Amino acid sequence: MKKTIALISALLLFSWSSYAQHCGKCQKLSDEQYMALADSIHQVAISFDTHIDTPTYMMHPNGHYTVAKGQTSFELMRQGGQDGAFFAIYLDQGPWQNQKSLDSAYNWCHEELQSWKDYVTTRHSQEAGIAYSTDDVYRLKKEGKRIVVLCIENGYPVRTLEDLDEFYKMGVKYITLSHNTPNQICDGSRYTNKYYWYPNTGHGLSPFGEKVVERMQQLGIMVDVSHISSESLVDVLKIVKAPVLASHSGCRALKPSQTRNLTDDEIRAIAAVDGVIQVGTGRFFLSDDLPYYKVGVAILANHIDHIKNLVGYRHVGLGTDFDGGGGVIGLDNSSQMKNLTVELLKRGWTPEELIAFWGGNLLRVWKACEDYASQFKN
Ligand SMILES: [Zn+2]
């Protein structure tokens, strides 16, 4: 599969360079031509959205979840030329110093993960499969199936290091350490321990959190730094042995959201460990210049370009946060992914850069984490 992709990529790059040579100074491509080029890029790329809150909605479409809008389904992904997504089991933060609450968070997370796995493997096995490794990703792409990757948004259900082993066995590929508020692992991006029950260890990783990060990397579970405090990010980057990802975060230079966006220094620090920033599409976090309901693909692309200009295209991707508050005009469900590809092509992105953006960068980080973990007995 890798050889086939390399061959098609070479052909695509050849036709791109022919276009660049012959048409660089003549009229622009038509919208149809741009879309045709986007189509061929999506055929070659292994494209990932690294953060979707859809499992809750897909499993409980008539539930009481107010954010869910059905922005993703396997059919919508297929229409959008999107191969895979990290489907998150999300947990609200509760009181983590109460064992009963921790146990109930763990049990709920475990049940939701199992239900989601059953949903994919029993009801949708013809059209989708779960990837437990990067090798599975290439196999599922070859089979033409949507690639489902499991993840947990908020480390709240992690009571012990053994819980990490259990989540790893279930197939969890990243854990977002906290969700805005402090937990037993680290301080969150919105509320700090000043207002909460966090022990007096500063605003970063707790001593338990340090062990969690270490064990996650030994298992090959990627460390997700979206939603954590700046101090926690500094602490994480000090101790990691493999790259990290920010599964859905934007740029604070373009929209000063302390809770959801990264500073330029933080972006540089994540790139310095060869990590990747997957830009989110929550329109509240993308622009100050426009009312949120007018935020479209171009504003999203500004964040993507900002990261590319700062640290290079190898460190940027997309994590829409669909069914969790994400979506902009023109990219409001998984069937519309190619609109972003067209926007980036118009801004001068090459097919090679776009193939990296859509999945190559993420797969590099995932593989590096797998390689690091391979030295430990798991
Ligand atoms: Zn989130």
- Task: Return yes when residue 43 is out of contact with any His (no Cβ under 7 Å at 6 or more places or on another chain), modelled with pLDDT of 95 or more and not in a helix (DSSP H, G or I) and no when it is not.
- Result: no
- From the options 347, 314, 364, 283, residue that is within 16 Å of the ligand (Cβ to nearest atom) and among the basic types (Lys, Arg): 283
- Task: Could you check, for the stretch 111-129, whether at least one of its residues is farther than 25 Å from residue 44 by Cβ, in contact with a strand residue (DSSP E or B) (Cβ under 9 Å, 6 or more places away or on another chain), open to solvent by 40 Å² or more (accessible area, probe 1.4 Å) and free of Cβ contacts under 8 Å to residues at least 24 places away in the same chain?
- Result: yes
- Kindly indicate whether any position in the stretch 152-159 is farther than 19 Å from residue 245 by Cα and without any contact (Cβ under 8 Å) to a residue 24 or more places away in the chain. no
- Query: When the residues of the stretch 85-110 are filtered to those that are of a type in the set (A, V, I, L, M, F, W, C) and in a helix (DSSP H, G or I), which remaining residue is most open to solvent (accessible area, probe 1.4 Å)?
  - Reply: 108
- Message: Name the residue that is farthest from the ligand (Cβ to nearest atom), counting only residues in the stretch 238-266 that are more than 21 Å from residue 319 (Cα to Cα) and either in contact (Cβ under 8 Å) with a residue 12 or more places away in the chain or surrounded by 24 or more Cβ atoms within 10 Å (Cβ to Cβ) (or both).
- Response: 241
- Item | Members of the stretch 147-166 that are crowded, with 20+ Cβ neighbours inside 10 Å and farther than 21 Å from residue 370 by Cβ | 153, 154, 156, 157
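The values are calculated or read from the model by the stated rules, or taken from the named source; none is laboratory data. Predicted model, so just to flag it, every value in this text is computed and none were measured. Cβ: placed from backbone, ideal geometry, glycine included. Neighbour counts: every protein chain shown. Accessible surface is based on the protein model in full, side chains and every heavy atom, while ligands, DNA and RNA are left aside. Shrake-Rupley method; radii C 1.70, N 1.55, O 1.52, S 1.80 Å.
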